[in-house]
Amino acid sequence: MCAKNLDAIKPVLDGLRGLECWYVNAGGSAGSSFSLAFGRRLPRPDPLKNPSVSEEFRLHEGEANLYVWCAWRLETEDAALASSDQDGDHPVNVIKRLQGLALDSADVSGKALDLVLRFSNFALRIFCDHVDPDPSYEANWELVLERRLLRAGPGFGFAEELRPVVPTRSP
């Protein structure tokens, strides 16, 4: 991981501070993977068809959306509450506690770009454990903004892409 890439990520993460996590998409066939929608609700160019998510989420994405494909743990100062290692509904129910909370800080560390997201009483630790060759997914986490995509992994990989402007459909 070169310092230039780390320099590109930190200001973006700093810009997330104070944004509310208004939707947590977790569970079902996604296994331990999940996504968090932050900030303003932006109309999707093409609404989602998945009936298991709320209508609001089918019609809108966040101004910032974090997709986590790797190992993670949600904790408080005193206890580890849930992790990607657990089966069943428990980790899904616990990670959904982030919905409605504002992000206090987001930090990235190490060559693999592990993340720590801090909310009022919680810390979400994201451990970038997908490495070449043959990772189970080509990214550890992805941060999708209105015009940018930041992707960590596999291994020490990092990519940044500009997203095209896609007009939204009129109702």
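Among the residues that make up the stretch 68-84, is at least one of them charged (D, E, K, R) and outside any strand (DSSP E or B)? Checking the stretch 68-84: at least one residue is charged (D, E, K, R) and outside any strand (DSSP E or B). For the stretch 144-156, the criterion of a residue being within 17 Å of the chain's Cα centre (by Cα) and of a type in the set (F, W, Y) is satisfied by no position.
Every residue, every condition in (1) under 23 Å from C128 (Cα atoms); (2) buried (at least 20 other Cβ atoms within 10 Å of the Cβ); (3) modelled with pLDDT of 95 or more, yes or no:
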| residue | (1), (2), (3) |
| --- | --- |
| A30 | yes, no, no |
| L36 | yes, yes, yes |
| D46 | no, no, no |
| K49 | no, no, no |
| N65 | yes, yes, yes |
| V68 | yes, yes, yes |
| A80 | yes, no, yes |
| S83 | yes, no, yes |
| Q86 | yes, no, no |
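For the stretch 138-160, state whether one or more residues are closer than 16 Å to L16 by Cβ, in a loop (DSSP other than H, G, I, E, B) and of a type outside the set (F, W, Y). Yes - at least one qualifying residue is present in the stretch 138-160.
Is the stretch 11-27 home to any residue that is in a helix (DSSP H, G or I), in contact (Cβ under 8 Å) with a residue 24 or more places away in the chain and surrounded by 13 or more Cβ atoms within 10 Å (Cβ to Cβ)? Yes, the stretch 11-27 contains at least one residue that is in a helix (DSSP H, G or I), in contact (Cβ under 8 Å) with a residue 24 or more places away in the chain and surrounded by 13 or more Cβ atoms within 10 Å (Cβ to Cβ). Give me the residue from the stretch 108-119 that is surrounded by fewer than 17 Cβ atoms within 10 Å (Cβ to Cβ) and at pLDDT 95 or above and, out of that set, farthest from the chain's Cα centre (by Cα). Only one residue fits best here, namely R118. So is D129 free of Cβ contacts under 8 Å to residues at least 12 places away in the same chain and not in a strand (DSSP E or B) or not? For D129, the condition - free of Cβ contacts under 8 Å to residues at least 12 places away in the same chain and not in a strand (DSSP E or B) - is not met.
For the stretch 88-126, the set of residues classified as free of Cβ contacts under 8 Å to residues at least 24 places away in the same chain and more than 22 Å from D14 (Cβ to Cβ) consists of G88, H90, N93, V94, listed by residue number. Among the residues of the stretch 88-106, those that are more than 14 Å from S35 (Cα to Cα) and at pLDDT below 95 comprise G88, D89, H90. For the stretch 126-137, give me the residue count where each residue is among the charged types (D, E, K, R) and within 11 Å of C70 (Cβ to Cβ). Count: 1. Here R58 clears all of (1) outside any strand (DSSP E or B); (2) within 18 Å of F122 (Cα to Cα) except the condition numbered (2).
The values are calculated or read from the model by the stated rules, or taken from the named source; none is laboratory data. On a predicted model such as this, the values are computed, not experimentally measured, just so you know. For neighbour counting, all protein chains shown are included, and Cβ atoms are generated from backbone atoms with ideal geometry for every residue, glycine included.
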